[in-house]
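Input: a single structure, listed below in structure tokens.
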Amino acid sequence: MKRTSLMFALAALLPIHAALAATTLTGVTISPANPKVGEEVKITVNGTLESPNCGIRMEFGNPDMPREEFVLSDRGGQLPLTITKTFSKPGTYKVEALGRKVGKLTFGCEGNASTMVTVAAAGKSAATSSAAAAPMPMAAACPDGWNMIAGQKDPSKGFTCAPMKPTVKMDCGKGMAYFEKDGLMGCKKKK
């Protein structure tokens, strides 16, 4: 009797384990790479699929395009996931897929992914568009939590991002000392 009860208890936990398996968002791609205003754009979210029951919030970097939230299983439950959008204004936009809780019963997918897209005015190519000719905004070039390395003036010519330094040092506790070195931070035993 005890074995049977244990087996039923373990079987009941299997769906919980599946729900907690993490689906991780790893990237966002745009096609065509240099769209024009009014042109349909395919936005593809990539990742590692463990459980399709997780939430994603899509942000398009454009106040005219409201963010979208959905549960991956409601959109076919597969990665890569492709959605289509049309930009109504030229400019450079940060398109993001963010793992977020959607509704009351769905955990967010793990991670965040983003990419930049430059939308040219209708009838112009991105190479000749004034939006493409202007440097990409410094803040938008690197993902959240990262800063562009100083001295790089025009991200369209290449850039490097580094993690932001913490605004507050970690509390390492008694007998430990905080350190920052070569882009790393942590706690080490006091000498």
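Structure above, values below:
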{"item": "Positive-end extreme of charge dipole, segment 42-93 - chosen from Gly47, Ser73, Asn62 (charges on Cβ)", "result": "Asn62"}
{"item": "Partners for Lys191 among aspartates and glutamates (Cα-Cα distance below 19 Å; same-chain residues under 8 apart left out)", "result": "Asp171, Glu180"}
{"item": "Sorted peptide list for 97-103, 53-59, criterion being average Cβ within 10 angstrom, highest first", "result": "53-59, 97-103"}
{"item": "Packing-based ranking, highest mean first, of 27-33, 116-122 given that Cβ atoms within 10 Å are counted", "result": "116-122, 27-33"}
{"item": "With DNA, RNA and ligands ignored, accessible area of Glu68 (1.4 Å probe; Å², nearest 10)", "result": "40"}
{"item": "Segment 41-120 - charge dipole about Cα centre, Lys and Arg +1 at Cβ, Asp and Glu -1, debye rounded to 20", "result": "140"}
{"item": "Residue-wise HN-Hα coupling along segment 22-29, computed from phi with Karplus coefficients 6.51, -1.76, 1.60 (Hz; x: Gly, Pro)", "result": "8, 9, 10, 7, 10, x, 10, 10"}
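The values are calculated or read from the model by the stated rules, or taken from the named source; none is laboratory data. Note that this is a predicted model, so its numbers are computed, not measured. Using ideal geometry, Cβ is built from the backbone for each residue, glycine included, and neighbour counts are taken over all protein chains shown. Note: areas computed on protein heavy atoms with side chains; ligands, DNA, RNA excluded. Shrake-Rupley method; radii C 1.70, N 1.55, O 1.52, S 1.80 Å.
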